[in-house]
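The next block holds one structure in the form of structure tokens; read it before the comments.
The values are calculated or read from the model by the stated rules, or taken from the named source; none is laboratory data. All of these numbers come straight from a predicted model, not from anything done at the bench. Every residue, glycine among them, receives a Cβ derived from its backbone with ideal geometry; neighbour counts consider all protein chains shown. To get the accessible areas, we keep the full protein, side chains included, count just its heavy atoms, and leave off ligands, DNA and RNA. Shrake-Rupley method; radii C 1.70, N 1.55, O 1.52, S 1.80 Å.
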Amino acid sequence: MSTFSGFLDEIENVSVDRFTEANFRSRAFFLSHCHMDHMVGLNEINSLNQSLPGPLYLSEISKVIIQRRYPTITNLIALKTGETTPILFGISICDSSVTKKTSVTAIPAGHCPGSVMFLFEQDNKKILYTGDFRLYRNDIETMIALKKFHEKINLDCLYLDSTFLSLDYRNFPRQRDSVNTIIDLTENWLDAHPKNVVLLRPPANYGYEFLLVELSQYFKFKIHVAKSTYNDYLYIPEFDSYISSNPYYCGRIHLCSPDDGNTEWKSKTSTCLSKLDERHICIIRPTAMKWKNLNEDEKHYEDVVGVANAFSVCYSNHSSYDEIKFLIQYLRPTTVKLNVLPNQICQRNEMYSILDDITKEYKVEQPQDVDMANEKLVNTKYNFLKMTSFTNKRSMSIAKDDISQLKIKRRRKF
Ligand SMILES: [Zn+2]
Ligand SMILES: [Zn+2]
């Protein structure tokens with residue numbers, strides 16, 4: 001769940017994924033994807049029949065969703081992924097930052113339909129805001145927009161989806177593998193008896209778009225969803241062909257129970273299955289939180305203890321620790337800021353210490369492919385060094401001295 005305020009410290013007058021009154025001083029707005037914790041404020045603006053005080057940049061799919069869901073919010077600018085677009089600040093005010101040349105590039109985030117990351121560039125500053133993401137090593141390595149940061153250009157700041165920045169969640173199966181497991185479990189159950197049905201019980205109310213589409217396409221019928229869930233998914237283009245809130249039009253897969261945590265697994269009172277014998281119901285719970293310390297070659301589903309015909313399946317649309325670590329070390333950002341912070345201070349400190357360990361590995365490296373004419377020394381929040389943009393040879397030699405001294409200090413310290 002995003003805890004990000006919406007403001008980028010490096011670029012004034014923009015707000016990302018937050019649209020409350022405090023953000024109204026911004027002059028350009030950005031939406032990474034259409035999950036409720038990233039759209040805070042949009043519902044209120046729409047119910048007051050208002051719009052934002054500047055353009056809203058988003059992906060083409062998100063644009064369709066916002067147009068359907070919040071019709072009063074206008075001035076939407078759809079970004080094509082991979083294309084760099086200049087940012088237009090809505091209102092001209094007496095602030096030099098508004099006149100600074102600023103651009104944005106949307107990069108696919110692999111989290112849900114239309115989800116993107118934003119790469120902001122202003123003067124020499126380069127900032128990547130990930131939003132929520134699920135990207136594998138191979139995805140990251142083949143993204144042209146990210147390659148330049150791996151090779152020689154400095155990324156100043158990474159605003160990171162840190163949902164699973166924890167050593168407990170080093171590995172998750174790929175979403176495709178999780179979906180295949182759920183399809184297998186479902187098929188076995190449906191084939192066993194003509195009255196059998198599958199009831200999906202995810203722990204959250206949204207984030208299962210990919211799973212619903214894949215199940216519907218494989219079994220060639222619509223999934224029955226609760227009215228409230230249907231309203232959330234209703235705005236996604238094409239979703240009408242995969243789900244319905246009327247069980248009459250659907251097959252034997254249901255997502256029509258409210259989120260009730262881990263209790264009352266077989267409770268069906270609020271579903272359309274109340275009259276069906278429990279023996280015909282199989283519960284499948286796609287979840288990531290439960291799956292701590294899962295190894296790559298380990299089975300990623302299990303029976304729910306004490307409940308007949310109930311399975312928990314590891315399913316995540318956020319990157320695992322290993323995937324997050326790869327992204328950070330691939331981009332080598334000067335600063336990393338965490339967008340999903342736990343409530344408790346001790347847990348936050350643990351997360352920062354894990355981040356420190358990840359960045360430490362590249363902080364001490366000598367820079368690769370450095371453009372000697374454009375290098376400078378940057379001492380960051382995490383006290384690490386990286387070489388970029390220097391103006392002359394003299395300052396270059398100072399930088400080298402500083403680096404060697406700091407390296408000595410580091411060796412003594414450890
Ligand atoms: Zn999300
Ligand atoms: Zn149902």
Item to complete: Exactly one condition in (1) surrounded by 23 or more Cβ atoms within 10 Å (Cβ to Cβ); (2) within 16 Å of ligand 2 (Cβ to nearest atom) is not met by Ile324; state its number.
Response: (2)
Practice prompt. Of the numbered conditions (1) open to solvent by 20 Å² or more (accessible area, probe 1.4 Å); (2) at pLDDT 50 or above, Ser316 fails exactly one; give the number of that condition.
Written response: (1)
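Would you mention how many residues in region 197-216 are open to solvent by less than 20 Å² (accessible area, probe 1.4 Å), closer than 30 Å to Arg137 by Cβ and not in a helix (DSSP H, G or I)? Outline the logic, then answer.
To start, the set of residues in region 197-216 that are open to solvent by less than 20 Å² (accessible area, probe 1.4 Å) comprises 197-202, 207, 209, 211-212, 215-216.
Subsequent filtering for residues that are closer than 30 Å to Arg137 by Cβ retains 200, 202, 207, 209, 211-212, 215-216.
Filter once more, keeping what is not in a helix (DSSP H, G or I): 200, 202, 207.
The total comes to 3.
Answer yes or no: is there a residue in region 295-307 that is within 19 Å of the chain's Cα centre (by Cα) and surrounded by fewer than 19 Cβ atoms within 10 Å (Cβ to Cβ). Full working, then the answer.
Initial filter on region 295-307 (within 19 Å of the chain's Cα centre (by Cα)): none.
No, region 295-307 has no match at all.
Going through region 93-141 one residue at a time, which ones are of a type in the set (Lys, Arg) and either at pLDDT 90 or above or within 19 Å of the chain's Cα centre (by Cα) (or both)?
First, pick out the residues of region 93-141 that are of a type in the set (Lys, Arg): 100-101, 125-126, 134, 137.
Of everything in region 93-141, those that are of a type in the set (Lys, Arg) and either at pLDDT 90 or above or within 19 Å of the chain's Cα centre (by Cα) (or both) turn out to be Lys125, Lys126, Arg134, Arg137.
Before we move on, is Ser245 touching a Cys at 6+ places or on another chain (Cβ under 9 Å), of a type in the set (Gly, Ala, Ser) and modelled with pLDDT under 95? Even if it seems obvious, please write down each step before you answer.
Numbers: touching a Cys at 6+ places or on another chain (Cβ under 9 Å): yes; of a type in the set (Gly, Ala, Ser): yes; modelled with pLDDT under 95: yes.
So Ser245 passes the test.
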Practice prompt. Just one of (1) free of Cβ contacts under 8 Å to residues at least 60 places away in the same chain; (2) within 16 Å of ligand 1 (Cβ to nearest atom); (3) surrounded by fewer than 20 Cβ atoms within 10 Å (Cβ to Cβ); (4) of a type outside the set (Gly, Ala, Ser) trips up Leu58, so point out which.
Written response: (3)
Worksheet entry | Filtered residues of region 181-196 (kept if open to solvent by less than 20 Å² (accessible area, probe 1.4 Å) and in contact with a helix residue (DSSP H, G or I) (Cβ under 6 Å, 6 or more places away or on another chain)) | Ile183, Asn196
Worksheet entry | Breaking point among (1) surrounded by 14 or more Cβ atoms within 10 Å (Cβ to Cβ); (2) not assigned by TED's automatic domain parsing to the domain that holds Arg332, for Asp161 | (2)
